[in-house]
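A.B. asks: My structure is below; once you've seen it, I'll send some questions.
Nothing in this text is a laboratory measurement; each read-out follows from the coordinates by a stated rule. As the structure is a prediction and not an experimental result, all values here were calculated from the model. Virtual Cβ from ideal backbone geometry, glycine too; neighbours counted across all protein chains shown.
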Amino acid sequence: MVEEESIRVVHCGGSELNFRRAVFSADSKYIFCVSGDFVKVYSTATEECVHILQGHRNLVTGIQLNPNNHLQLYSCSFDGTIKLWDYLDGILIKTFIVGHKLHALFTLAHAEDSVFVTINKEKPDIFQLVSVKLPKSSSQEVEAKELSFVLDYINQSPKCIAFGNEGEYVAAVRDFYLSVYFFKKKTTSRFTLSSSRNKKHAKNSFTCVACHPKEDCIASGHMDGKIRLWRNFDDDKKYTYTCLHWHHDMVMDLAFSVTGTSLLSGGRECVLVEWRDAAEKNKEFLPRLGSTIEHISVSPAGDLFCTSHSDNKIVVIHRNLDASAVIQGLVKDRSIFTGMMIDPRTKALVLNGKPGHLQFYSLQSDKQLYNLDIIQQEYINDYGLIQIELTKAAFGCYGNWLATVEQRQEKETELELQMKLWMYNKKTQGFVLNTKISMPHDDHITALCFRNAEKSENPTLVTASKDGYFKVWILTDDSDIYKKAVGWTCDFVGSYHKYQATNCCFSEDGSLLAVSFEEIVTIWDSETWELKCTFCQRAGKIRHLCFGRLTCSKYLLGGTEDGILCCWNLLSCALEWSAKLNIRVMESDPYSENIAAVSQSSEGSDLFVFKPSEPRPLYIQKNISREEVQWGVFVPRDVPELFNSEAHQWLNRSQFYFLTKSQSLLTFSTKSPEEKLTPTSKQLLTEESLPTTPFYFILGKHRQQQDEKLNETLENELVQLPLTENIPAVNELLHTPAHVLPSASFLCSMFINSLLLSKETKSAEEIPDDIDMEEEKESDDSGEENDFTEKAQVTNDTGLEEDILHQLSKSEEKELRKLRKVDYSWIAAL
Amino acid sequence: MAGYKPVAIQTYPILGEKITQDTLYWNNYKIHIYGRYSQEPIKTFSRFKDTAYCATFRQDGRLLVAGSEDGGVQLFDISGRAPLRQFEGHTKAVHTVDFTADKYHVVSGADDYTVKLWDIPNSKEILTFKEHSDYVRCGCASKLNPDLFVTGSYDHTVKMFDARTNKSVLSVEHGQPVESVLLFPSGGLLVSSGGRYVKVWDMLKGQLLVSLKNHHKTVTCLCLSSSGQRLLSGSLDRKVKVYSTTSYKVVHSFDYAASILSLALAHEDETIVVGMTNGILSVKHRKSETKKDPLPRRRRPAYRTFIKGKNYMKQRDDILINRPTKKHLELYDRDLKNFRISKALDRVLEPSCVIKTPEVTVSIIKELNRRGVLANALAGRDEKEISRVLNFLIRNLSQPRFAPVLINAAEIIIDIYLPVIGQSPVVDKKFILLQGLVEKEIDYQRELLETLGMMDMLFATMTRQESSSLLEHTSVEFPDKKMTES
């Protein structure tokens, strides 16, 4: 047994993917996104996470491809470092220590040795854009302290800064100002929205900005949903702008396509809008993307877009506006009402997901398995709209049944409630709606639970409500002449002196039902629905209620609002013990007698693990989180672990996960997070690292064939090359008279060596040249391709002829070089 | 991404009287008149206190006579609603009535064993025959002689009466309780059915001509084709058999889903109508014998083009691509999808939708409210449109299943249209109507609460164990605004 480390609280996946814009690799095969302290590399085709780049010690705030080497990636973080990664191997190449908290990162193609970062210097609210010179050094860690100031008083978000027209200027927006800094002239122009003081236009502050990659054109998004296209902004007086208006709520992000012919915008409407040719009437839509679009990015090859959404999702979209892949993390958009549950079938964590959905999240692989649409209605995302909320859910009968409760309350008296019961269908491997009950109660449902009964018994569900009743629902036969069916009906309605029912809970064997009515706990026989006994502690409303398990099944635990934890003995109907604990979460381990309770105090949250039979806790961990812990759950382990020490034994068969108020998912582990997330150190396949576009198929293949032909001819010529005349050893051997020669055995090795050497030197001469040539060809290829695509789109470009001329000269040059090569070899041969 | 999700239309169970099978089948004290091709009755006579029997048209089709379970015989004008004549005299259910050949008299037979002859002009009873010794369940008047008619009875006899004498002129023994009798148009032949037998009698000689036994259960009804060539008999064995009247052989038979109680042929034998024990009226039309076009104008694609590739087996490397199924959206869903909210609301306020499926209208109102655009959809309507909305509210507001949604809509309407009230008398009238409805509802609720209070007191005084009364009441709370408006 290895030495046991102490148990500590670790983050376990589920971090935000939508914090910053995602970045595509040059060949559009990979997509990079920041995720907490890591950078994740996903494949765009398979949606699989292929690498996790870990090394930053704080939140990663920006990533950019290295413009000089598209196989490298820069990242910056709050820990004040810029790191350079090789993303194919997943290794850290270099670390540049800047020293300031870095908020955003930008790179430019022509500024080779410097990058741009956003820092805040003096006051917390004032941000500056500075350029950092990255010193060339071979060491792993380099200090980069050479900062030069570019722009002041800018917004912290990287969406509000954009570099335009191949890095000629940088545009930044904040509130009602647009500032443009020209690198060549080193001047700053500042534009104010003319109507900013007008009350009617009070909502038109800037939200984001994007620059045209080829022209002098800036697109800015506004709070009121308008997009403004600015031109002629190098002149403070003559500048103009045009408006594009489709969004009815704020524009969250803008992006130009690679060629600049179309502009993409997105917002709260969950619709990606593509504006073609910057015209209001030429627009295309990709609707129903699920939730608010936070970021839009475009691949450098131009064939893919991607949108980051507020529900922690990245959608990869084709050029023709077809969603091709979805990378989904743990949805953390909204508050969690249902609490955390474990699906008995998949062992997945189940909680509120997208609006109206229940998400099934695999903790092992840190990815979402699927979303179950509970509400099944069109989702209209609008500010201030009261949506139907999924408030309660429970699994029952070994995962065969799922009960959900949804509600919508507009006013005090208008409550819409609906309870749905879902049956697991083995054929489709999913849940199918079985029964829909509208208004099961007159007031909010506070708890629902299934009876964990034997397979033969009838499934039973209990709901407790604020209207003072608890209802028992049972599965009945609902067959008619057309089909055989089952449905749920109400079997029993119970109440206790018109108190609000706050909690309900079945004992492990399903024979007893405990329902708490405010301060009183009532115990009911689940066969006859008779009231057996009541417990009352007069210590505030019962907030949590749970039965003990296995050997402790005779105990009932209750946590009250006044901070008392009570344990009652069901055999003697008396209070066994009580303790002063302000309990927020109480969960029982399904595989042991252990019960975990999280208490809340002014310093933080503490964890207590105990058995109901013993008032002394098994394990205490103080201050597990500074925030309030909202939900917790025991997750059974796939493989039980063996901890010998008493304090660790509660982790043997299951693991305790909890969710804090800021929705970070945490757990207890003895291992460090690096060990937990076993990095997939696969060597990624690198091909020519250029996308196989249709042009490549037409032109590239043709060229390849030509190259092969050329090579063949060259080789044919080269075959004749290894001639023996000019090798001194051979000459010596052949031209010296035989009688003066030493013995053949002495000469043999030398002779052969000379032959070998001559061959080696030849090839050593030959090969680097070849490689050079090939590389040149390749770069020429790609250059030509790029040129060609441009030409195809900008046909009436005046620079076209020049381009052709330029290109011709290039190819001529190449031909000449080839000729030179051939000549040289011929000469050599002679 | 996921497609548009249509609005979920909630189905509300209608509370109140339970509809059982009995009420459906036997509480129909009505006569329906169906058109030739209509599915719904085109006219209904419902002035019966009890079950109506044997509705019979006069030969000219302008009068209708029917017997009833309570012993009354009623005569109707086809165009009218109230009975023209009521013949009171029978003490028990009248199962058979018929017009005589002169159109001015009605023959009726009843369960009080009597057969009576009535005069239509002065609605008097002319004659009573008390010769049967059991229920008289069938009868038929001669088409030629206005004074002759036959009746069949459960005493196994068929008797022929002559109105000129006051007793029967002929009596034949059928052998089983007689369920149906029929006279041939010529008047010479009589057909009677009872038990499993259909018997044909020669009226002149008074003797049995043929006895047919083709059914295996009681034959309940008989019918003759208009040409007199075919005789039809319906039976409890769920079959209608067609006989040739020359050979008395079965030439055809129809199968039905339930036992047959009555049977009729329309003029020119175009339609056969059968009433069955399961309460279903089956109407079958004869196929028109139009000749097919020898040359179809346009050649349709051959059958093999439709089945082409249907049974193609997937090979190893093939990728199967299914044609995407197009999802059909309702019109209102299409409007909602494109955010045409007012149009969607207009569409569900069409009379056809409002009357047939008010739950769809309510669901759309609910959906608009959920989207937060109900006020926009209700605003900006002219007199006609707003009165349509108000009509719907007046019709459905008091229904508990719709009340929560519609009260909210009513509040919004009042808020919007309060400034323009008094401009249109039509709308004002509607508002006043709505107000009256609300006041009535409040009174009703108050009464219910009083009753509930009284019952609570009664329960409290009773010292019984199960004291929990599960009576639920829905206290509909109306805002005061509605009371004070207009």
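A.B. asks: Ranked from highest to lowest mean number of other Cβ atoms within 10 Å per residue, what is the order of the peptides A:295-305, A:141-151?
C.D. replies: Per-residue mean Cβ counts within 10 Å order the peptides as A:295-305, A:141-151.
A.B. asks: Now, a different point. What FRET efficiency do you get for A:ASP236 and B:LYS343 if R0 is 30 Å and r is their Cβ-Cβ distance, rounded to the nearest 0.05?
C.D. replies: Efficiency, from the Cβ-Cβ distance: 0.05.
A.B. asks: Here's something else I'd like to know. Taking 8 Å as the Cα distance limit and 6 or more residues as the minimum spacing, I'd like the relative contact order of the range B:107-152 as a percentage.
C.D. replies: Normalised by residue count, the contact order of the range B:107-152 is 35 percent.
A.B. asks: Using mean Cβ contacts within 10 Å as the protection proxy, how do B:106-116, A:343-353 order, highest first?
C.D. replies: B:106-116, A:343-353
A.B. asks: Averaged across A:384-396, how many Cβ atoms of other chains sit within 10 Å of each residue's Cβ atom?
C.D. replies: 1
A.B. asks: Please give the Cα centre distance for the range A:230-251 versus the range A:42-69, rounded to the nearest Å.
C.D. replies: Value for the Cα centre distance between the two parts: 34 Å.
A.B. asks: By a straight-distance test (C-alpha under 17 Å), which lysines pair with A:LYS313 as possible cross-link partners, with residues fewer than eight away in the same chain excluded?
C.D. replies: A:LYS313 reaches A:LYS40, A:LYS332, A:LYS354, A:LYS367.
A.B. asks: Follow-up. How far apart, in nm, are two points set 7 Å out from the Cα along the Cα-to-Cβ line at B:ASP202 and at A:GLU215?
C.D. replies: Those two pseudo-labels are separated by 11.0 nm.
A.B. asks: Lysines near A:LYS611 by alpha-carbon distance under 22 Å, same-chain residues fewer than 8 away left out - which ones?
C.D. replies: Once the sequence-local lysines are set aside, what remains near A:LYS611 is A:LYS554, A:LYS580, A:LYS622.
A.B. asks: Quick one: grab the alpha carbon gyration tensor of the range A:557-658, order the square roots of its eigenvalues as a ≥ b ≥ c, and give me rounded if a/c is under 1.5, else prolate or oblate depending on whether a/b is larger than b/c.
C.D. replies: oblate
A.B. asks: So, in Å, what gap is there between the alpha-carbon centers of the range B:136-172 and the range B:176-223?
C.D. replies: 14
A.B. asks: If you average the alpha carbon positions of the range A:96-144 and of the range A:520-542, how far apart do those two centres end up, in angstrom?
C.D. replies: 65
A.B. asks: Going through the cross-link list B:LYS30/B:LYS384; B:LYS143/B:LYS199; B:LYS327/B:LYS356; B:LYS366/B:LYS440; B:LYS124/B:LYS167, which pairs have a Cα-Cα distance over 27 Å in this structure?
C.D. replies: B:LYS30/B:LYS384
A.B. asks: Additional query: With a 10 Å radius around each residue's Cβ, average the other Cβ atoms per peptide and rank A:308-316, A:26-34, highest first.
C.D. replies: So the peptides A:308-316, A:26-34, ranked by packing, come out A:308-316, A:26-34.
A.B. asks: Scan chain B and note any complete DSSP helix (H) whose C-alpha atoms cover at least 15 Å along its axis and whose Kyte-Doolittle average is 0.5 or more.
C.D. replies: Membrane-span-like by this criterion, though nothing is claimed about a membrane: B:403-417.
A.B. asks: For the range A:325-472, what class follows from the C-alpha gyration tensor (a ≥ b ≥ c being the square roots of its eigenvalues): rounded when a/c is under 1.5, otherwise prolate if a/b is larger than b/c, else oblate?
C.D. replies: It is oblate, given that a/c is not under 1.5 and a/b is not larger than b/c.
A.B. asks: Work out the mean other chain Cβ neighbour count within 10 Å for the residues of A:407-416 and drop it here as an integer.
C.D. replies: Mean shielding count: 2.
A.B. asks: Using a 10 Å cut-off on Cβ to Cβ distances, tally the other chain neighbours for every residue of A:370-379 and report the average as a whole number.
C.D. replies: Per residue, the number of nearby Cβ atoms from other chains is 3 on average.
A.B. asks: Now, a different point. For A:LYS426, go through the lysines and keep the ones whose alpha-carbon is under 21 Å away, minus same-chain ones fewer than eight residues off.
C.D. replies: Excluding near neighbours in sequence, the set is A:LYS347, A:LYS436, A:LYS455, A:LYS483, A:LYS484.
A.B. asks: Which FRET efficiency value, to the nearest 0.05, is calculated for B:GLU447 and B:ASP50 with the Förster distance at 41 angstrom and r the Cβ-Cβ distance?
C.D. replies: The value I calculate is 0.75.
A.B. asks: Using 1/(1 + (r/R0)^6) with R0 = 60 angstrom and r between the beta carbons of A:LYS436 and A:SER645, what's the FRET efficiency to the nearest 0.05?
C.D. replies: 0.75
A.B. asks: Give me P(r) over the range A:98-232, computed from all C-alpha to C-alpha distances, binned every 10 Å, as integer percentages.
C.D. replies: Cα pair-distance distribution for the range A:98-232, in percent: 12, 40, 32, 12, 3, 1.
A.B. asks: Relative contact order for the range A:74-192: what is it in percent, counting Cα pairs under 8 Å that are at least 6 residues apart?
C.D. replies: Result for the range A:74-192 is 16 percent.
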